[in-house]
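Worksheet: one structure, shown below.
The values are calculated or read from the model by the stated rules, or taken from the named source; none is laboratory data. This structure is a prediction, so every number in the text was calculated from the model and none was measured. Quick reminder, even Gly has a Cβ in these numbers, built from the backbone with ideal geometry, and neighbours come from all protein chains shown.
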Amino acid sequence: MLPDVSNEVVYDKATVDELLLREKDGRPLLRRLFEIYLEETPRLLEELEAAVAAKNEEDVYDVIHQMKGSAAALGARKLYRVTESALTLCREGKILTIPDLVERIESESDAYIRDVSDILNRL
């Protein structure tokens, strides 16, 4: 089962603040990494959905692992916790028993996108 993260913050403020302070090409690093995240996430979610539909546990693991790495780098705390638990379920051979896997990951990703978009729009 995936964890209940409803009482956790969507993003880690310290990580987001650090990425806002660090610059690349005169822009906050958070903005550049977030742009990449926005480009890659729809493709990863499609790949995850296809892998789940095909019952391909190896591909499910690979996609979730990529998403977990992105979540860690960007401070997406809820998404990180859900993907971390999903990887454990993959290792235990139980990942395909989670009926709302794709929806949960997509929901946490959407929450992160919404919150960080708000932050970046205020800059």
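Table for the structure above
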| item | result |
| --- | --- |
| Sole exception among (1) surrounded by 18 or more Cβ atoms within 10 Å (Cβ to Cβ); (2) in a loop (DSSP other than H, G, I, E, B) for residue 116, by number | (2) |
| Some residue of segment 42-60 being within 17 Å of the chain's Cα centre (by Cα) and of a type in the set (S, T, N, Q) | no |
| Of the criteria (1) of a type outside the set (A, V, I, L, M); (2) within 30 Å of residue 96 (Cα to Cα); (3) under 14 Å from the mean Cα position of the chain (by Cα), which one residue 7 fails | (3) |
| Residue list for segment 4-16, filter: exposed (fewer than 14 other Cβ atoms within 10 Å of the Cβ), more than 17 Å from residue 110 (Cβ to Cβ) and not aliphatic (A, V, I, L, M) | 4, 7, 13 |
| Per-region count, segment 35-81, residues small (Gly, Ala, Ser), over 19 Å from residue 4 (Cβ atoms) and assigned to a helix (DSSP H, G or I) | 7 |
| Residue within segment 45-53 that is free of Cβ contacts under 8 Å to residues at least 24 places away in the same chain, within 20 Å of residue 116 (Cα to Cα) and out of contact with any helix residue (DSSP H, G or I) (no Cβ under 9 Å at 6 or more places or on another chain) present | no |
| Where residue 84 falls short, out of the listed (1) at pLDDT below 95; (2) within 25 Å of residue 7 (Cβ to Cβ); (3) part of a helix (DSSP H, G or I) | (1) |
| Residue in segment 61-78 that is surrounded by 14 or more Cβ atoms within 10 Å (Cβ to Cβ), touching a Ser or Thr at 6+ places or on another chain (Cβ under 6 Å) and of a type in the set (Lys, Arg) present | yes |
| Tally, over segment 17-37, of residues that are touching a strand residue (DSSP E or B) at 6+ places or on another chain (Cβ under 6 Å) and either farther than 17 Å from residue 69 by Cα or surrounded by fewer than 14 Cβ atoms within 10 Å (Cβ to Cβ) (or both) | 1 |
